[in-house]
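One structure is given below, encoded as structure tokens.
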Amino acid sequence: METNLNDKIVIENFSLQYVDGTESLRNINLRIPRNAITVIFGPAGGGKSTLLRCLNRLNDPADVKTMNGRILIENENILDPKTDIIRLRRKVGMVFARPVVLPMSIRSNITYGLEVMGEKRRSKLNEAVERSLKQAALWEEVRARLDEPGVALSGGQQQRLCLARSLALEPEIILLDEPTSGLDPISTGKVEASLQELKKTYTIILVPHSVQQAARTADFAAFFLQGELVEFSEGKTLFTAPSDKRTEDYVTGRFG
Amino acid sequence: MLRKTFETEIQQLKDEIILLGSLVEQNLLDSVDAMKKRDTAASQRVIALDKQINDKRFALENQVMIVIATQQPMAHDLRLLASIFEVISELERMGDYAKGIGVINVRMGGEDLLKPLVDIPHMAQIAADMLHRALLAFVNEDIETAQRIPAEDDQVDNLYNQVYRELMTYIVADPQNIERANWLLWVAHNLERFADRVTNICERTIFIATGNLLEINSSKDG
């Protein structure tokens, strides 16, 4: 496959099967552009989360029966057994559906990862706290109470704190698996707005919790159905005039 | 279940569009008929009915907005609702042409026509018939019919040119005829524009089905 300078991630002929046969991905070819939000959406069990987890090797090898093809991040095949997984996960951050706030202060939630990696300089840590909280659109709300426990924050704030925690490590790619599924519309709006800012610096891959969110946020959209990539195009095309009947049926709610 | 609610709402909207279209269609035929019969009272009724057409258009617009807000449509459904906006606004403007003909007849008062109306009622008949079929094609998303109808606009254009030439000869023959010829010229112009707008409805039908927004030219301007 020809490499394009604008492609951050190139997935080539990628297939995966779980041991119990529950879910699989079949021959996926997908190019994810940098500095854009790429939305991966489709009905449950279609392979969205599986694909997301493969991008930072979170899939437990014990559950996976077979895996073929290549996933290239900047021309490096991350499925290669020699891949440094710690380094990969630093490069590819992830935010989950339910915020996992560590039982410590707001500040420590953010500095924890950096400290584990050996960063001790106060100034660097403070700088990272302010930068990442600003990027996650949370700074103004918490700047006066950075030493309060993270769990005291509202759900929407907790989710943005988790986003800030990933950003503190300065990843290149951010994976978000239904990051606003438990949030109210205002918090959802704030998270979506910060993603629009973040895409200027990062490559963002989002599994949205609804078709509406997919349509609102997608620069590019990939529709997955039963382990197959049905359609991939610019969001504005896919949600107004999809080319595949199955995509059309899904986005208009004709499924099931 | 949600999908079923949506389908029901769309069907209601389509029924209302057909109803609005039939009001416009009938009002156009009535406006020309009133002129032919020199019946200003009938023209007043045409003018009054236009108010109802306008109200109905706004009610429908509101209904479309509610469906968009509550159902958040995508793809085909989104194209359909966006097209309904366009089509009801076309219908409202087409209604204005019928009203315009009513206003002309009222202004003419009981004055005799410059010449008996032959081509003008024919134009109205063709235009109303085009609208009728174009709207059915719209609600049924019948692309083939929608693609065929715009060519019929040529007949209306030809009649318009014929009426125009004929009225000019009256004016040339006797400048005293200018006023009365001008009234009829405007009537013919309204009918010509009415038929043009049917093409816009056909364009929307094709857009809903294909996602392509194309301008259809009738053979003459094409």
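Key figures
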read-out: Options B:LEU80, B:LEU91, B:LEU117, B:LEU113; residue that is part of a helix (DSSP H, G or I), away from chain A (no Cβ under 14 Å) and out of contact with any Phe, Trp or Tyr (no Cβ under 8 Å at 6 or more places or on another chain); value: B:LEU91
read-out: Test: residue in region B:23-38 that is closer than 30 Å to B:ALA181 by Cα, assigned to a loop (DSSP other than H, G, I, E, B) and touching a residue at least 24 places away in the same chain (Cβ under 8 Å); value: yes
read-out: Extreme residue, modelled with the lowest pLDDT, among residues of region A:8-35 that are acidic (Asp, Glu) and farther than 17 Å from A:ASN56 by Cα; value: A:GLU23
read-out: Subset tally (residues that are without any contact (Cβ under 8 Å) to a residue 40 or more places away in the chain and either over 26 Å from B:ASP112 (Cα atoms) or hydroxyl-bearing (Ser, Thr, Tyr) (or both)) for region B:153-192; value: 4
read-out: Every residue from region B:3-17 that is β-branched (Val, Ile, Thr) and farther than 10 Å from B:GLN71 by Cα; value: B:THR8, B:ILE10, B:ILE17
read-out: 2 or more residues acidic (Asp, Glu) and without any contact (Cβ under 8 Å) to a residue 40 or more places away in the chain: qualifying strands (runs of 3 or more DSSP E) within region A:1-110; value: none
read-out: Sole exception among (1) at pLDDT 95 or above; (2) part of a helix (DSSP H, G or I); (3) loosely packed, with under 14 Cβ neighbours inside 10 Å for A:ALA128, by number; value: (3)
read-out: Count of residues meeting criterion [in contact with a Gly (Cβ under 9 Å, 6 or more places away or on another chain) and surrounded by 19 or more Cβ atoms within 10 Å (Cβ to Cβ)] in region B:175-195; value: 2
read-out: All helices (runs of 4 or more DSSP H) inside region A:141-256 with 1 or more residues being in contact with a Pro (Cβ under 9 Å, 6 or more places away or on another chain), within 14 Å of chain B (Cβ to nearest Cβ) and not charged (D, E, K, R); value: A:211-217, A:245-251
read-out: Residue within region B:3-12 that is away from chain A (no Cβ under 14 Å), part of a helix (DSSP H, G or I) and touching a helix residue (DSSP H, G or I) at 6+ places or on another chain (Cβ under 8 Å) present; value: yes
read-out: Residue in region B:33-49 that is within 18 Å of B:HIS132 (Cβ to Cβ), charged (D, E, K, R) and away from every other protein chain (no Cβ under 14 Å) present; value: yes
read-out: Residue within region A:183-196 that is over 24 Å from B:LEU81 (Cβ atoms) and touching a residue at least 60 places away in the same chain (Cβ under 8 Å) present; value: yes
read-out: Hits in region B:203-217 - residues which are within 14 Å of chain A (Cβ to nearest Cβ), at pLDDT below 95 and under 20 Å from B:ASP153 (Cα atoms); value: B:LEU213, B:LEU214
read-out: Residue list for region B:90-104, filter: touching an Asp or Glu at 6+ places or on another chain (Cβ under 8 Å) and not aliphatic (A, V, I, L, M); value: B:GLY95, B:ASP96, B:LYS99, B:GLY102
read-out: Test: residue in region B:58-75 that is of a type in the set (Gly, Ala, Ser), crowded, with 18+ Cβ neighbours inside 10 Å and within 14 Å of chain A (Cβ to nearest Cβ); value: yes
read-out: Qualifying positions in region A:63-89 - under 21 Å from A:LEU30 (Cα atoms) and basic (Lys, Arg); value: A:ARG70, A:ARG89
read-out: Filter pass, A:THR203 being buried (at least 22 other Cβ atoms within 10 Å of the Cβ) and within 27 Å of A:GLY45 (Cβ to Cβ); value: yes
read-out: Any hit, region A:138-153, residues being of a type in the set (Gly, Ala, Ser) and touching a residue at least 12 places away in the same chain (Cβ under 8 Å); value: yes
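Yes or no, residue by residue, for (1) crowded, with 18+ Cβ neighbours inside 10 Å; (2) modelled with pLDDT of 95 or more:
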residue	(1), (2)
A:LEU72	yes, yes
A:ILE85	no, no
A:ARG90	no, no
A:THR111	yes, yes
A:VAL116	no, no
A:SER123	no, yes
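The values are calculated or read from the model by the stated rules, or taken from the named source; none is laboratory data. Computed from a prediction, not measured in an experiment: that's the story for all the values here. All Cβ positions, even for glycine, are placed from backbone atoms using ideal geometry, and neighbour counts span all protein chains on display.
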